[in-house]
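For reference, the structure discussed in these notes is given below.
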Amino acid sequence: MRIERVELRHVEMPLVNYFETSFGRQEVRQLIIVGIFGEGLSGYGEVPVMEFPGYSYETVGTAWHVLRDFFIPAVLGKDWQHPGELAQALTSYRGHPMAKSGLEGAFWDLYGKKEGKSLAELLGGRKKSVEVGVSIGIQENLEALLELIGGYLEEGYRRIKVKIKPGWDLQVLEKVRDHFPRILLMADANAAYRLDDLPLFREMDQMQLLMVEQPLGSDDLVDHARWQKELSTPICLDESILSPDDARKAAELGSCRVINIKIGRVGGLTKAAALHDRCLHYRIPVWCGGMLETGIGRAHNLALASLPNFTLPGDISASKRYYREDIVDRPAELNKDGTIDVPVGPGIGVNPIPALLDKYTVFKEVFK
Ligand code: OSB
Ligand code: MG
């Protein structure tokens, strides 16, 4: 179908609680919402960049630049048979995966709306609901962390992920384990450690963590393989896995036993689904990561997580855990059993509420 118009919106949404990781603190969620219009229909995608280059090099500014100057001109006014075809056309541009994923995601939604099929159905997902956990940022003190965890467990979340950094790690995890001896608990370091920190992680081996996420460099596979041989706790890779081929390399080297899949990090749903398939081939279980998405990106994540190899609870929490007010008509809600339903309507199954989308838009540009 022909893309007649593309709309970019710089959206700024206040977070219910600030979110702190080893690379910095987010108080407000700044990202880009992409709208694609054609044949009287609309589709929406999300570019899950951060305010500053911490998790990755992409920001609102870099994504806006490559979308406006390269990616949108490459797709606008053309007739695309399938989202995979559009994704293929973007592979001639290097890097900028989050920018690509927002544009491709909007077209997946549009395509699903035209076909009258849900995104999950188009991808081959079978699950009606997916198991979810919650990712908790670095807190001012231990008491605050324990209270947050207690609250999330009461709500029904199935797995707790605690962000760690040097100085907020072993002792924190020990205290959490003491308080909650039997929960599924894991830690995410966001690449904050170095090879000579191995003794610290050997001690963490005593704490029955489900896994430890991305302890070493954001582009590393080799040193993680060295550590995985020394550690009994499974290593999960996030930042280091940018493509299906990276999963093969990680499998061959033994760099990890689990992979976190994020649509934005790998450059779109087509690649995310291919990464899922590749991990299944290598028998590496996966779970769906999160980037503090709005209801639009969250609906994409839920559709992806309905695929069969998503066997571990993901970082797809309920909308209200992030935002007092979401921008979609059906914000994600947690079921009592710690799952969230996969949307069933055509495309991503949710629609932005125009007045709310406008309320949080700080800048908009339309391309025809
Ligand atoms: O490393 O998984 C990460 C948020 C922003 C950037 C990186 C990460 C995260 C999260 C939050 O852990 C997951 C979520 O609840 O969306
Ligand atoms: Mg992570």
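The values are calculated or read from the model by the stated rules, or taken from the named source; none is laboratory data. This one's a predicted model, so the numbers in the text were calculated from it and none came from an experiment. Counting neighbours? That spans all protein chains shown, and the Cβs are built from the backbone with ideal geometry, glycine included. Keep in mind that these areas ignore ligands, DNA and RNA; they rest on the heavy atoms of the full protein, side chains included. Shrake-Rupley method; radii C 1.70, N 1.55, O 1.52, S 1.80 Å.
Please identify the trypsin sites (Lys or Arg not before Pro) of segment 260-308 that satisfy two criteria: DSSP loop assignment and at most 10 other Cβ atoms within 10 Å. Which are they?
Listed in order of number, the matching sites are Arg283.
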* **Most mobile of Phe310, Phe52, Phe70 in a GNM of the chain (Cα contacts under 10 Å)** => Phe70
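Ignoring ligands, DNA and RNA, how do Leu119, Leu153, Leu184 rank by accessible area with a 1.4 Å probe, largest first? Before the final figure, lay out the partial values.
Working: Leu119 0, Leu153 50, Leu184 75 Å².
Output order, biggest surface exposure first: Leu184, Leu153, Leu119.
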* Structure fact -> antiparallel share of DSSP beta bridges within segment 111-189, to nearest 5, in %, is 10 percent
* To do: From zero up to wherever the largest Cα-Cα distance of the chain sits, split into 10 Å bins and tell me the percent of pairs in each.
  => 5, 26, 35, 24, 8, 1
* Measuring from a point 7 Å past the Cα of Asn17 along Cα-to-C-beta, which residues in segment 315-332 have an amide N at less than 11 Å? -> 321-322
* Roughly how many debye, to the nearest 20, is the charge dipole of segment 247-343 about its Cα centre, given +1 on each Lys and Arg Cβ, -1 on each Asp and Glu Cβ, and no other charges? -> 400 debye
* **Rounded to 5, the percent of DSSP beta bridges in segment 1-158 classed as antiparallel** => 95 percent
* If you wrap a convex hull around the C-alpha atoms of segment 1-58 and split its volume per residue, what is the figure in Å³? -> 90 Å³
* Structure fact -> Computed from every Cα-Cα pair in segment 70-146, P(r) in 10 Å bins starting at 0 and rounded to whole percents is 14, 33, 23, 17, 10, 2
* **Per residue, in Å², the accessible surface of segment 250-368 once ligands and nucleic acids are set aside, probe 1.4 Å** => 39 Å²
* To do: With a point put 7 Å past each Cα toward its Cβ, work out how far Arg182 is from Val366 in nm, to one decimal.
  => 5.8 nm
* Structure fact -> In whole angstrom, the spacing between the Cα centers of segment 77-128 and segment 292-368 equals 16 Å
* Asked: How big is the accessible area of Ser22 in square angstrom, nearest 10, if you roll a 1.4 angstrom probe over the protein chains?
  -> 40 Å²
* Asked: Based solely on its DSSP helices, what 222 nm [θ] is calculated for the chain when runs of n ≥ 4 H residues each add -39,500 (n - 2.57) and the sum is averaged over all residues, nearest 500 deg cm²/dmol?
  -> -10000 deg cm²/dmol
* Asked: In debye, nearest 20: dipole of the chain around its Cα centre with unit charges on the Cβ of K, R (+) and D, E (-)?
  -> 800 debye
* Asked: Within the set Lys127/Lys161; Lys165/Lys249; Lys114/Lys368; Lys78/Lys161; Lys78/Lys271; Lys229/Lys271, which residue pairs have Cα atoms separated by over 32 Å?
  -> Lys78/Lys161
* Whole Å is fine, so just give me how far the alpha carbon centre of segment 25-47 lies from that of segment 194-265. => 31 Å
* When only DSSP loop residues count, what trypsin sites (Lys or Arg not before Pro) in segment 5-82 have their Cβ near at most 16 other Cβ atoms within 10 Å? -> Lys78
